[in-house]
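The values are calculated or read from the model by the stated rules, or taken from the named source; none is laboratory data. Just so we're clear, the structure is a prediction, and the values are computed from it rather than from any experiment. Glycine gets a Cβ as well: all are built from the backbone with ideal geometry, and neighbour counts include every protein chain shown. Areas reflect the complete protein model, heavy atoms only, side chains present, ligands, DNA and RNA absent. Shrake-Rupley method; radii C 1.70, N 1.55, O 1.52, S 1.80 Å.
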Amino acid sequence: MDSEALRQKIEQLTGKRTGIKQLGRQHSKSLFGRLTETGGEAGEPITHEGHLWVPLYESDGRVTAIWVEMEGLTARELELVNFAAGNYAIALNATGLKEEGEVEARQLGIWLNSQLEQDKSDSEIADEVTLKSRLFAEMIPFLLISENSHNPQLSYRSLTKLLRSYFEDEIILIPLVEKEWLILARKELLTGGDDKEDEEENAGELLSQACMGLHELIASEWGGAFHLAVSHALIPVKGLTAALALLRETIALGRVFQVGDYIHLPWELHMERLVNSIPDDRRRQLLAQIGDFSSVLADKEMQLTLESFFEMDCNVSETAKKLYIHRNTLLYRLDKIKQETGADVRSFGDAAIVKLAMLLYKVTKRK
């Protein structure tokens with residue numbers, strides 16, 4: 001059971017408003033002085049300003065506690081609340097989750113999932129979310145998804161340690177669903193903070209480089225396949241749900257249109273997003289109307305050639321370098337495409353048509 005499930009059960013049991021809150025050091029000391037001095041294990045519950053407070057654990061002088069409105073609570077209900085919260089605190093202390101702030105992170109993950117399940121992607125972080133106080137500064141969101149079905153799930157602690165070593169500072173790691181993690185890093189860690197105008201111009205490149213470095217580190221540490229997406233800096237308290245929805249969509253699009261790639265950037269998938277939004281029957285009609293490109297698109301070598309050509313902005317020399325082939329070999333392939341389809345991808349109009357056909361082909365032929 002996680003802390004949010006505990007809160008919900010207690011609220012159902014008592015019919016009273018219930019919440020979980022991490023108190024500041026001063027507030028923690030005034031309510032739970034002995035607990036902040038000894039640290040770690042939960043102390044005795046107390047009543048304060050009409051609420052019952054049951055401490056769950058302490059970390060760095062801050063106590064995280066569950067509170068319940070006292071008015072109308074029976075002695076039996078009080079006993080059950082103390083029993084449930086006390087047992088949870090004992091189990092939590094035994095697991096060591098408190099040391100990395102996993103309880104608060106999982107609470108935020110559960111809240112984010114619930115908002116997106118209800119299509120509330122514009123929701124502001126709710127007051128009952130303990131981590132809300134840390135989400136007012138600009139941060140950069142990364143979404144990490146593991147495809148390693150045969151490997152054991154990454155532990156929160158080990159992944160947190162690795163991420164801190166990479167970003168060289170505190171990060172917020174939020175478990176979402178199985179093998180899916182949301183990472184929040186401070187904006188300054190990626191941009192350096194020296195030249196704001198230069199940073200804004202190169203934001204996409206900086207984020208791409210950060211993704212590549214992070215993916216290489218995670219893949220080398222654990223092996224297997226990991227998908228990683230990143231979005232531009234935001235203030236999480238207002239924009240985190242929308243950012244998570246965008247990053248999930250980005251990875252889903254990347255799996256369809258960027259097969260073999262594991263880093264996906266939302267600003268590089270605008271056409272893919274548009275094509276994916278077209279109903280399936282209409283996509284098939286469009287593909288048939290554009291022309292028969294199946295012989296070229298079904299050929300992996302030709303498809304790779306076209307993908308590289310478009311990625312290099314239709315530059316013949318740069319594409320040849322990327323593919324490690326002679327320039328004349330590339331020109332031969334492009335001429336072959338023209339012979340089989342009638343489209344000369346060296347001209348803008350034909351290149352746009354072939355690009356669209358390639359995207360439609362990928363999304364309609366996926367299994």
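Restricting to the range 168-189, name every residue that is within 28 Å of residue 116 (Cα to Cα), modelled with pLDDT under 90 and not β-branched (Val, Ile, Thr).
170, 178, 179, 186, 187, listed by residue number.
Scan the range 6-17 and tell me whether some residue there is surrounded by fewer than 21 Cβ atoms within 10 Å (Cβ to Cβ), modelled with pLDDT under 75 and either charged (D, E, K, R) or assigned to a strand (DSSP E or B) (or both).
Looking for residues that are surrounded by fewer than 21 Cβ atoms within 10 Å (Cβ to Cβ), modelled with pLDDT under 75 and either charged (D, E, K, R) or assigned to a strand (DSSP E or B) (or both), one finds none in the range 6-17, hence no.
Among the residues of the range 210-218, is there at least one that is under 29 Å from residue 123 (Cα atoms), in contact with a strand residue (DSSP E or B) (Cβ under 6 Å, 6 or more places away or on another chain) and open to solvent by 10 Å² or more (accessible area, probe 1.4 Å)?
No, every residue in the range 210-218 fails to be under 29 Å from residue 123 (Cα atoms), in contact with a strand residue (DSSP E or B) (Cβ under 6 Å, 6 or more places away or on another chain) and open to solvent by 10 Å² or more (accessible area, probe 1.4 Å).
Need pairs with beta-carbon distance below 7 Å; first residue within 16 Å of residue 294 (Cβ to Cβ) and β-branched (Val, Ile, Thr) and within the range 344-356, second open to solvent by less than 40 Å² (accessible area, probe 1.4 Å) and part of a helix (DSSP H, G or I); sequence gap 6+ or separate chains.
354/306
Among residues belonging to the range 62-85 that are within 34 Å of the chain's Cα centre (by Cα) and in a strand (DSSP E or B), point out the one that is farthest from residue 50 (Cα to Cα).
62
How many of the residues making up the range 348-367 are closer than 17 Å to residue 273 by Cα, charged (D, E, K, R) and at pLDDT below 90?
The total comes to 3.
Filter the range 289-315 down to residues that are buried (at least 18 other Cβ atoms within 10 Å of the Cβ) and over 34 Å from the mean Cα position of the chain (by Cα), then give me how many there are.
Count: 2.
Say whether the condition of being acidic (Asp, Glu), surrounded by fewer than 17 Cβ atoms within 10 Å (Cβ to Cβ) and modelled with pLDDT of 80 or more is met by at least one residue in the range 35-42.
There is no residue in the range 35-42 that is acidic (Asp, Glu), surrounded by fewer than 17 Cβ atoms within 10 Å (Cβ to Cβ) and modelled with pLDDT of 80 or more.
Looking at the range 107-142 only, could you name the residues that are at pLDDT below 90, polar (S, T, N, Q) and assigned to a helix (DSSP H, G or I)?
107, 130, 133
Could you go through the range 343-352 and let me know if any residue there is among the β-branched types (Val, Ile, Thr) and part of a helix (DSSP H, G or I).
no
Please state which one of 146, 123 is small (Gly, Ala, Ser), open to solvent by less than 30 Å² (accessible area, probe 1.4 Å) and either out of contact with any helix residue (DSSP H, G or I) (no Cβ under 9 Å at 6 or more places or on another chain) or closer than 20 Å to residue 253 by Cβ (or both).
146
Quick check on this structure: which one of 234, 253, 334, 323 is under 30 Å from residue 135 (Cα atoms) and either more than 27 Å from the chain's Cα centre (by Cα) or open to solvent by 20 Å² or more (accessible area, probe 1.4 Å) (or both)?
Step by step, each of 234, 253, 334, 323 is checked, and only 234 is under 30 Å from residue 135 (Cα atoms) and either more than 27 Å from the chain's Cα centre (by Cα) or open to solvent by 20 Å² or more (accessible area, probe 1.4 Å) (or both).
What residue, among those in the range 211-231 that are touching a residue at least 60 places away in the same chain (Cβ under 8 Å) and in a helix (DSSP H, G or I), is farthest from residue 133 (Cα to Cα)?
222
In the range 247-268, how many residues are assigned to a helix (DSSP H, G or I) and either basic (Lys, Arg) or more than 18 Å from residue 205 (Cβ to Cβ) (or both)?
Matching residues across the range 247-268 total 10.
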